[in-house]
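One structure is given below, encoded as C-alpha cells.
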Amino acid sequence: MVRPVRGDLLAGVSVALVLVPQALAYAEIAGVDPVYGLYAAVAAPIAGAFVGSSPYLQTGPVAVTSLLTFGALSSLGEPFTARFALLAGLLAILVGLIRLAIGLVGAGPVAYLMSQPVVVSFTAAGAVLIISSQIPSLLGTDGGSGNPVLTALRAIASPGEWSLTDVAVGVGAMAIMLGGRRISGLFPGALVAVVAGTLWSWATDYDGSVVGDIEVELVVRTDLPWGDLPALLLPALVIAIVGFAEPSAIARRYAAEDRTYWDSNREFVGQGLANVASGVAGGYPVGGSFSRTALNRMGGARTRWSGAFTGLAVAALLPVAFLLAPLPKAVLAGLVIAAVYSLIDVRSPALYWRWSRPQFVVGVVTAVGTLVLAPRVDQGVLLGVGTALAVHLWRELNVGVPSRLDGDTLHVWPTGVLYFGSAPGVERSVTQLIAQHTEVQRIVVHLGRLGRVDLTGALMLRDVLDEVRSAGVEVELTGAKGHAATLLSRVLEDDSLLE
C-alpha cells in the first residue's frame, strides 16, 4: 500500500467538509432521513479507499445514484420510514456484491456496454427529476408523491402557497455555492451555506421545514428485509452498472491526464466494497462524485489514503451533527439544484442529431422514458438500453450491397457484418442484382468492406455463388481480410483468398 502524503490529509478533510452537507441533501433525494446519508459518507469512502484504481476518486452519496435508489424502492415502501431505510441498506449490499463479482471475474469492461446517448440522456433526465423533486422544498410547499416533474409543476402553479422566506433562503444557498465556484474551486460553498443557514434559522426561530433531530447511532445492520431480496435484484443490477458510469468516467479522465493506468476491474471491486460497507453501516447505494473528486485532486491528494481520511473526518464530525437540526430544508434544496443543474447536457443531443439520427432517437427515448416512468427511473434506463440494442440489431441486420456495372462485369461490395442475422438480406440483395442484370457475364465480389463473417454467412455466400456459377456466370472474390479471409477460404475452398 502506498504511504500517504500531507496533501492526502488536507484534501480528505476538505472533501469531508463538502461531503457532510451533500450527504444530508442527497439522502433526501434517496427518500431516507439525512442521518443515513451521513452513515454512507463515513463507511463508503473508508471501505473503497484502499482497493480502487484511482488515487483521486471520492466515493459516497451522489445525486444520480440517490435518484435510482428512490426509484427502485418507491414501490416497496414508504419513503422516510425505517423500513424504507432498511430496504436502502439491503439494496446497497446487493449493488456492492454485484460490483464485487464483476470486478473479481474480470468483467470490468462491462462498464463500457452502455452507449453514450443512453448515459448522457439518462443523466440529463435524472438531473431534471432531481431539480423537480427539490422545487417544493425550495418554495416551502408540500411536495406530495408521484412524478417529481408533475409535483414541481403543481407547486409552481400555486404561488399563493409559496413561502418567500424559503425561496430567499434556498436561492441564497444556491448563490453562495455557485458564487464560491467563481472565487475558487476550493471554496467550500456548500459548507458555508449550511453553516449560515443553520445559524440564521437558530437566530430567527425559523418555523419552516427543517432537517430536525439527527440521532447518530453507528451500528452493523443485521435486521435487513431479506424477504424483499428477489424484488431488488434487477434494480440492484441496473444501479451497479448505470451508477458505475460516473465514477469510471471520472477515473479515466484523471488517469489520462496523469498518463497512468486505470483498472476497471479494480475500481469495480473498490466501489463494490464501498457499497457493501455503506449498506452494513445503515447507509444506501453510493457512487463516485465528480465535484468531490475534483476538489480532492485540487486539494493536493496523491494517493487513495485521501478517501480514507475523508471518511474518518466525517466520522469525527458525527458527534456534533445534532447542531444541524435547525437547518432549513430549503437550503438543502438550493444546494442540490446548484450541484446537479450542470448535468443537463443539451449540446450532446444536438450533436447526435447531426452525427447519427438513430442514436439521437435512442437518447430521446431514454430521456422521455426516464421522465415519464419516474419515480421508477431504473425502468427508464432499461428502456434506453433496450432501444440502443434494437438500433444496433437493426443496423447489424442490414448489410448494404453497393454495386457498379462495368460492361458485362458486375462489381458488388457487401458492407457490414455478414452473420446469421444479416445473411438472408445479403442473399436477397445479390440475387436481385443478378436478376436485374441478365447480360452480366462476370461478377467481382469485393469483400474488403465486411467487418466480420460467421459460418452461416460464409455458407450463404457459398450457396449464392454456386447458383451464379451454375448459370454460367464467372465469379471472382477479392479483398477478404483477417479472420474473414481464413473462414471463407475454407468454406469456399479457395486458397487465393488468403493471399
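So, in segment 216-273, of the ones that are among the polar types (S, T, N, Q) and under 15 Å from the mean Cα position of the chain (by Cα), which residue ends up nearest to Ser53 (Cα to Cα)?
To start, the set of residues in segment 216-273 that are among the polar types (S, T, N, Q) comprises 222, 248, 260, 264-265, 271.
Subsequent filtering for residues that are under 15 Å from the mean Cα position of the chain (by Cα) retains 248, 264, 271.
Working: Ser248: 10, Ser264: 7, Gln271: 10 Å.
Step by step, filter segment 216-273, then rank; the result is Ser264.
Restricting segment 187-215 to residues that are surrounded by fewer than 14 Cβ atoms within 10 Å (Cβ to Cβ) and at pLDDT below 90, which is nearest to Gly334 (Cα to Cα)?
Across segment 187-215, the extreme among qualifying residues is Asp207.
Of the numbered conditions (1) in a helix (DSSP H, G or I); (2) modelled with pLDDT under 90, Asp345 satisfies every one except a single condition; which is it?
Among (1) in a helix (DSSP H, G or I); (2) modelled with pLDDT under 90, the lone unmet condition for Asp345 is (1).
What single numbered condition from (1) closer than 23 Å to Leu100 by Cβ; (2) free of Cβ contacts under 8 Å to residues at least 24 places away in the same chain; (3) of a type in the set (Asp, Glu) fails to hold for Asp228?
That leaves (2) as the condition not met.
With respect to Val192, determine if the residue is of a type outside the set (Phe, Trp, Tyr), without any contact (Cβ under 8 Å) to a residue 40 or more places away in the chain and either within 22 Å of Pro319 (Cα to Cα) or touching a helix residue (DSSP H, G or I) at 6+ places or on another chain (Cβ under 6 Å) (or both).
On the way: of a type outside the set (Phe, Trp, Tyr): yes; without any contact (Cβ under 8 Å) to a residue 40 or more places away in the chain: yes; either within 22 Å of Pro319 (Cα to Cα) or touching a helix residue (DSSP H, G or I) at 6+ places or on another chain (Cβ under 6 Å) (or both): yes.
Against the criterion (of a type outside the set (Phe, Trp, Tyr), without any contact (Cβ under 8 Å) to a residue 40 or more places away in the chain and either within 22 Å of Pro319 (Cα to Cα) or touching a helix residue (DSSP H, G or I) at 6+ places or on another chain (Cβ under 6 Å) (or both)), Val192 qualifies.
For segment 194-215, what are the residues that are outside any loop (DSSP other than H, G, I, E, B) and touching a Pro at 6+ places or on another chain (Cβ under 6 Å)?
If the condition is that a residue be outside any loop (DSSP other than H, G, I, E, B) and touching a Pro at 6+ places or on another chain (Cβ under 6 Å), then Val194, Gly197, Thr198, Ser201, Trp202, Val210 are the ones that fit.
Counting only residues that are over 46 Å from the mean Cα position of the chain (by Cα), loosely packed, with under 13 Cβ neighbours inside 10 Å and not acidic (Asp, Glu), how many does segment 404-427 have?
Total meeting the criteria: 1.
Out of Thr431, Thr387, report the one residue that is outside the structural domain of Glu493 (by TED's automatic domain parsing), among the hydroxyl-bearing types (Ser, Thr, Tyr) and either within 43 Å of the chain's Cα centre (by Cα) or over 30 Å from Val118 (Cα atoms) (or both).
Going through Thr431, Thr387 in turn, just one is outside the structural domain of Glu493 (by TED's automatic domain parsing), among the hydroxyl-bearing types (Ser, Thr, Tyr) and either within 43 Å of the chain's Cα centre (by Cα) or over 30 Å from Val118 (Cα atoms) (or both): Thr387.
To keep it simple, each residue is scored yes or no on (1) buried (at least 17 other Cβ atoms within 10 Å of the Cβ); (2) among the hydroxyl-bearing types (Ser, Thr, Tyr); (3) farther than 29 Å from Val128 by Cα.
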{"site": "Thr222", "(1), (2), (3)": "no, yes, yes"}
{"site": "Leu232", "(1), (2), (3)": "yes, no, no"}
{"site": "Gly243", "(1), (2), (3)": "yes, no, no"}
{"site": "Ala308", "(1), (2), (3)": "yes, no, yes"}
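Looking only at helices (runs of 4 or more DSSP H) that fall completely inside segment 16-104, which ones have 3 or more residues that are in contact (Cβ under 8 Å) with a residue 60 or more places away in the chain and more than 22 Å from the chain's Cα centre (by Cα)?
Counting at least 3 such residues, we get 34-49, 82-104.
On the given criteria, is Arg304 farther than 29 Å from Pro79 by Cβ and either of a type in the set (Val, Ile, Thr) or surrounded by fewer than 18 Cβ atoms within 10 Å (Cβ to Cβ) (or both)? If you could, list the steps in order and put the result at the bottom.
On the way: farther than 29 Å from Pro79 by Cβ: yes; either of a type in the set (Val, Ile, Thr) or surrounded by fewer than 18 Cβ atoms within 10 Å (Cβ to Cβ) (or both): no.
For Arg304, the condition - farther than 29 Å from Pro79 by Cβ and either of a type in the set (Val, Ile, Thr) or surrounded by fewer than 18 Cβ atoms within 10 Å (Cβ to Cβ) (or both) - is not met.
Within the group Ala281, Ala294, Ala301, Ala249, which residue is assigned by TED's automatic domain parsing to the domain that holds Glu217, over 18 Å from Tyr39 (Cβ atoms) and either touching a Phe, Trp or Tyr at 6+ places or on another chain (Cβ under 7 Å) or β-branched (Val, Ile, Thr) (or both)?
Result of the check over Ala281, Ala294, Ala301, Ala249: Ala301.
Would you please list the contacts, defined by Cβ atoms under 6 Å and residues six or more apart or on different chains, that run from a residue in segment 435-451 that is farther than 15 Å from Glu467 by Cα and in the same structural domain as Gly472 (by TED's automatic domain parsing) to a residue that is part of a helix (DSSP H, G or I) and among the hydrophobic types (A, V, I, L, M, F, W, C)?
From segment 435-451, the pairs are Leu450/Ala484.
Kindly establish whether Pro117 is touching a Gly at 6+ places or on another chain (Cβ under 9 Å), farther than 30 Å from Thr204 by Cα, modelled with pLDDT of 95 or more and not aromatic (Phe, Trp, Tyr).
no
Of all the residues that make up segment 349-364, how many are free of Cβ contacts under 8 Å to residues at least 40 places away in the same chain and in a helix (DSSP H, G or I)? Step through it out loud before you land on a result.
Filtering segment 349-364 for residues free of Cβ contacts under 8 Å to residues at least 40 places away in the same chain gives 350-351, 353-358, 361.
Then drop every residue that is not in a helix (DSSP H, G or I), which leaves 350-351, 353-355, 357-358, 361.
So the answer is 8.
The values are calculated or read from the model by the stated rules, or taken from the named source; none is laboratory data. On a predicted model such as this, the values are computed, not experimentally measured, just so you know. Please note: Cβ atoms are built from the backbone with ideal geometry, for glycine as well, and neighbour counts cover all protein chains shown.
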